[in-house]
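One structure is given below, encoded as structure tokens.
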Amino acid sequence: MSTKSHVVVVGAGAFGGWTALFLQRQGARVTLVDAWGPGNARASSGGETRVIRATYGPRAIYTRMAARALTLWKEHERRWHRQLFHGIGVLWLVESDEQYEKSALPILRDANIRFEELTGPEVVRRYPQINCDRVRWAIFENDGGYLTARRACAAVLEGFLAEGGEYRQLAVLQPAPSGGQLPSVTLSDGSSLTADSFVFACGAWL
């Protein structure tokens, strides 16, 4: 950034937290705001776990985003010295309609995602605990797994603060733009935040 812009990011979940962290690294002055805290029980990014995988049917953009996200999670695990990702693999079972999975295969190859195509008998042999009577074939993503969602969001906030970001745990009242512009937002304690730009990453609360 050519000047030290002030950006307010509303919402400290997966999207808001990472947005705030990377804007901070790019030279902005960033204030991150969340009503209940990162990974809280009311948030879309809350809960104990979230699956991270690269199979998204024909939508290559999501496969590339997931692959990039996984790279960044692993990189920041090393940087922050904590485990957030658990690489146990992801299994896709295909029954009658295989269009989604078939369209994903060339995209996975192009994105250099490690995966295996398993026949029905191979699935039965490898996963005897699953009723595979209707399973024709499967995709096993070797690099897939799960993230500890709540802890991961909290770790991003800690990283953001360690790199000089500002955090306010307050709700943002409904903004009232004037003439198509939004110069400031009012917080639940009656104070206000003025900024050059605002990012609203509020999930269902938006």
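The values are calculated or read from the model by the stated rules, or taken from the named source; none is laboratory data. Bear in mind the structure is a predicted one, so any value in this text is a computation, not a measurement. Note that each Cβ is placed from the backbone with ideal geometry, even for glycine, and that neighbours are counted across all protein chains shown.
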Elements of type helices (runs of 4 or more DSSP H) contained in the range 88-206, each with 1 or more residues being of a type in the set (D, E, K, R), over 22 Å from VAL51 (Cα atoms) and without any contact (Cβ under 8 Å) to a residue 12 or more places away in the chain
120-126
Please work out if GLU116 is surrounded by 12 or more Cβ atoms within 10 Å (Cβ to Cβ), among the acidic types (Asp, Glu) and either touching a Cys at 6+ places or on another chain (Cβ under 9 Å) or closer than 17 Å to GLY57 by Cα (or both).
yes
Subset of the range 153-206 [β-branched (Val, Ile, Thr) and within 30 Å of GLU75 (Cα to Cα)]
VAL156, VAL199
Looking at the range 66-90 only, could you name the residues that are over 18 Å from GLY159 (Cβ atoms) and loosely packed, with under 14 Cβ neighbours inside 10 Å?
HIS86, ILE88
Looking at the structure I just gave you, is ALA41 in a loop (DSSP other than H, G, I, E, B), touching a Cys at 6+ places or on another chain (Cβ under 8 Å) and small (Gly, Ala, Ser)?
no
Report yes if some residue within the range 102-112 is surrounded by 15 or more Cβ atoms within 10 Å (Cβ to Cβ) and of a type in the set (S, T, N, Q); otherwise report no.
yes
Quick one: in the range 1-51, which of the residues that are closer than 18 Å to GLY165 by Cβ, within 19 Å of the chain's Cα centre (by Cα) and of a type in the set (S, T, N, Q) is surrounded by the most Cβ atoms within 10 Å (Cβ to Cβ)?
SER45
Being surrounded by 11 or more Cβ atoms within 10 Å (Cβ to Cβ) and farther than 18 Å from GLY16 by Cβ is the filter; apply it to the range 166-190 and report the residue that is modelled with the lowest pLDDT.
PRO183
Matching entry among HIS81, HIS76 (being out of contact with any Pro (no Cβ under 9 Å at 6 or more places or on another chain), in contact (Cβ under 8 Å) with a residue 60 or more places away in the chain and not small (Gly, Ala, Ser))
HIS76
